[in-house]
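Quick notes on the structure that follows.
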Amino acid sequence: MAVEWSSSAPEVLLTVDRDAPAPLRAQLELQLRDAIRAGRLAAGERMPSSRALAEHLGLSRGIVQECYEQLVAEGYLVSRPGSATRVASVSTRADERTEQPSAAPGGRVGPAGRVGPGSLPASAPRLVADFQAGLPDLGLVPREDWAWAVREACRTAPSAAFDYGDVLGDDGLREVLASYLRRVRATDASAARIMVCAGYQQGLTVVLQALAASGRRLVAVEDPGSVGTVTAAARSAHGDCVPVPVDAEGIDVEALDRTGARVVVVTPAHQWPTGVVLSPGRRHELLAWARRRDAVVVEDEYDSEFRYDREPVGSLQGLDPHRVVSIGTVSKSLAPALRLGWVVLPPSLVDPVAAVRRTVDRGTPTIDQLALAVLMESGRYDRHLRRMRAEYARRRQSLVAAVETHAPELRLTGLAAGFHAVAHLPDGSPEERVVARAREHGVGVEGMSRYRSTGATTPGQLVIGFGNTGPRAIAEGIGSIRSWL
Ligand SMILES: Cc1ncc(COP(=O)(O)O)c(C=O)c1O
């Protein structure tokens, strides 16, 4: 993991010899190059500010700045306006450009052993463009607002708030969430039927464990979809998972019916990862299936906040609150690191879910819950979403334009919402070859095969995330992908 130095105390041994014939700047450059090559300064590590390093070594700041500029030019360091200078990844260094990175895009493993969305480890090779799907812009997390909200929460919370709380969550946050979800998602929500949790994954696991106790152990999952995640959750409940195909209208309900499963996990607003929107006909078919089979539909509302080209589609739960469990998360709207989410439950599942949750932990950290309530009530959450919606809409447009200009043989779909799309490869462009070549040339992108239960690589498709990638990188990355079609 990259170390963050405090600006005044760089923990690396650098010395300059004022009596040596070599100029001070050349000495410093040489030592920094050596330290980076030897790994004493690891990829991704933040360099001290030029002022701090100059003070530490008793040099003028100009010398350190020139040295940094030289090393940036050589590819040892990277600098971006407004952020700290960092040690570059191996793949971008001038002397080692031929070396091939070894990590998979996003540092993730495939469906079977998928560990979750994850992100690039700090020491992973720097990519020219990282189209990792599922990540919001980590540079635009509303840190100030979150810090303010935590402070407000801490300042205003009564002493009793520091005791163990309700395992289902803080009453105040549950009220705020209920009214927010009714307003924004047309969810049939009430505070009493909400469980606050540590994100979608925990919510899903607890719900599947509660459903297993009622005999519903076989869980159907969309294919392609979050096969690995849902399988892991089902197995934690001593159950199993069965894939059901998704077509242009969403999940195939007839195929679902044939599985015998009485639980299904779906992403109706923007299918993960094909981007298909569950058609109105299928919504009704799915709910009719649930009633006929006494089954439960688990709705994953992961990126429903970001919708572009049509009127927002309300939550499926709003159509049948007795059959649908709806799970939301701040992992796309704020940041995955916050580990906050919510589950809206049918009345019959509230007690069973609370009983399971008590065996898992004693609830979600209260101050974080209060902070989320403060953020939402203050309007700052909505404001952030508005900003991000505009930002992602711009990037989505950049992606469409980049494909039109640089790679017209790609066909894009799934762009109605969220921050990822699917690029359909032309015949004769094998998915695995395109993904591998792109990666070798600094473009991180995933193939759809990673989300298929069989791992099939046909039809060849790329899942292109643009949440954490700016417009320039999008254009560069798409231009580069074209060379491998
Ligand atoms: C389909 C899907 N749903 C939900 C999530 C969010 O999960 P969590 O809230 O546990 O971070 C993810 C994360 O990438 C996802 O891929």
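The values are calculated or read from the model by the stated rules, or taken from the named source; none is laboratory data. Since the model is a prediction, treat every value here as computed from it, not as a measurement. Neighbour counts are summed over all protein chains in view; Cβ atoms, including those assigned to glycine, are modelled from backbone coordinates with ideal geometry. SASA here: full protein model, heavy atoms, side chains in, ligands and nucleic acids out. Shrake-Rupley method; radii C 1.70, N 1.55, O 1.52, S 1.80 Å.
Overview of results
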| read-out | value |
| --- | --- |
| Surface share of carbon and sulfur [accessible, 1.4 angstrom probe, percent] for region 24-96 | 49 |
| For region 24-96, Kirkwood radius (reciprocal of mean inverse C-alpha pair distance, Å) | 12.1 |
| Kirkwood Rh (inverse of mean 1/r, distinct Cα pairs), region 143-380, angstrom | 18.0 |
| Within-13-Å neighbourhood charge of Arg437 [Cβ basis; K, R +1; D, E -1] | 0 |
| Test item: Cα-centred dipole of region 291-344, Lys/Arg +1 and Asp/Glu -1 on Cβ, debye | 200 |
| Nearest-20 debye value, the chain charge dipole, Cβ charges on Lys, Arg, Asp, Glu | 320 |
| Angstrom value of the Kirkwood radius, inverse mean 1/r, which spans all Cα pairs in the chain | 24.4 |
| Accessible area expressed per residue, region 24-96, with surrounding protein chains retained (probe 1.4 Å, Å²) | 46 |
| Net charge of neighbours whose Cβ lies under 12 Å from the Cβ of Asp247, counting Lys and Arg as +1 and Asp and Glu as -1 | -4 |
| Rounded Å value of the spacing that divides the Cα centres of region 120-194 and region 395-450 | 31 |
| Heavy-atom surface of region 143-380, accessible at 1.4 Å and reported per residue (Å²) | 39 |
| Nitroxide proxy distance, nm - points 7 Å out along Cα→Cβ at Leu30 and Asp351 | 7.9 |
| Relative contact order for region 24-96, counting Cα pairs under 8 Å that sit 6 or more residues apart, in percent | 35 |
| Anisotropy class of region 186-255 from Cα gyration tensor, a/c 1.5 cut | oblate |
| In sequence order, calculated HN-Hα J values of region 406-412 (Karplus, 6.51, -1.76, 1.60; Hz; x Gly/Pro) | 9, 8, x, 6, 7, 10, 9 |
| Region 338-439 shape via C-alpha gyration tensor axes, a/c threshold 1.5 | prolate |
| Exposure rank, largest accessible area first [His384, His238, His284; 1.4 Å] | His238, His284, His384 |
| Sum of -39500 (n - 2.57) over DSSP H runs of 4+, divided by residues of the chain (222 nm, nearest 500) | -12000 deg cm²/dmol |
| Solvent-accessible area, 1.4 Å probe, carbon plus sulfur percent, for region 363-439 | 49 |
| Length-normalised contact order for the chain - Cα pairs under 8 Å, 6+ apart - percent | 18 |
| Top positive-direction residue, dipole computed over region 143-380 with Cβ charges, set Val297, Thr359, Ala335 | Thr359 |
| Amide hydrogen neighbours beyond the local backbone of Gly447, cut-off 5 Å, H modeled | Val463 |
